[in-house]
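Heads up: the structure comes next, in structure tokens.
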Amino acid sequence: MKNKVLSYMGFAKKSGNVVSGVNTCTVNLVKGRVKLMILAEDISAGSEKKIMKEIRKADVNFVKYGTIDELSHATGTSGRSAFGILDENFAETILREIES
């Protein structure tokens, strides 16, 4: 199951439908582009507080899943703890896979 979620995130990244990092995600949340937020389970308290404020304002679904290393590796980045999925279909598929 975990491998499927990480694979979908990799596909979404390759198609340009993932933004990563707290600041980049915040900008895209404000613009209304993010359909699903994925936060690493080991996100720092300060980063979580900052991004959760914007998630609530934008009224976007979010889920805590995986570690910073796992998620960053899947998307070809390093040290990122927040990931915004920009495509509705990827968002639905990833959320369904996490919840199953």
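The values are calculated or read from the model by the stated rules, or taken from the named source; none is laboratory data. Keep in mind it's a predicted model, so treat the numbers as computed, not measured. Using ideal geometry, Cβ is built from the backbone for each residue, glycine included, and neighbour counts are taken over all protein chains shown. Calculation scope for accessible area: heavy atoms of the full protein, side chains included, ligands and nucleic acids excluded. Shrake-Rupley method; radii C 1.70, N 1.55, O 1.52, S 1.80 Å.
Kindly establish whether GLY32 is without any contact (Cβ under 8 Å) to a residue 40 or more places away in the chain, in a loop (DSSP other than H, G, I, E, B) and open to solvent by less than 80 Å² (accessible area, probe 1.4 Å). When the stated conditions are applied, GLY32 passes them.
Residues in the range 81-94 that are of a type outside the set (Asp, Glu), surrounded by fewer than 20 Cβ atoms within 10 Å (Cβ to Cβ) and touching a residue at least 24 places away in the same chain (Cβ under 8 Å): LEU86, THR93.
Screening PHE90, PHE83, PHE62 for residues that are aromatic (Phe, Trp, Tyr) and assigned to a helix (DSSP H, G or I) leaves exactly one candidate, PHE90. Only residues that are among the polar types (S, T, N, Q), in contact with a Lys or Arg (Cβ under 7 Å, 6 or more places away or on another chain) and assigned to a helix (DSSP H, G or I) were counted across the range 1-25, and they come to 0.
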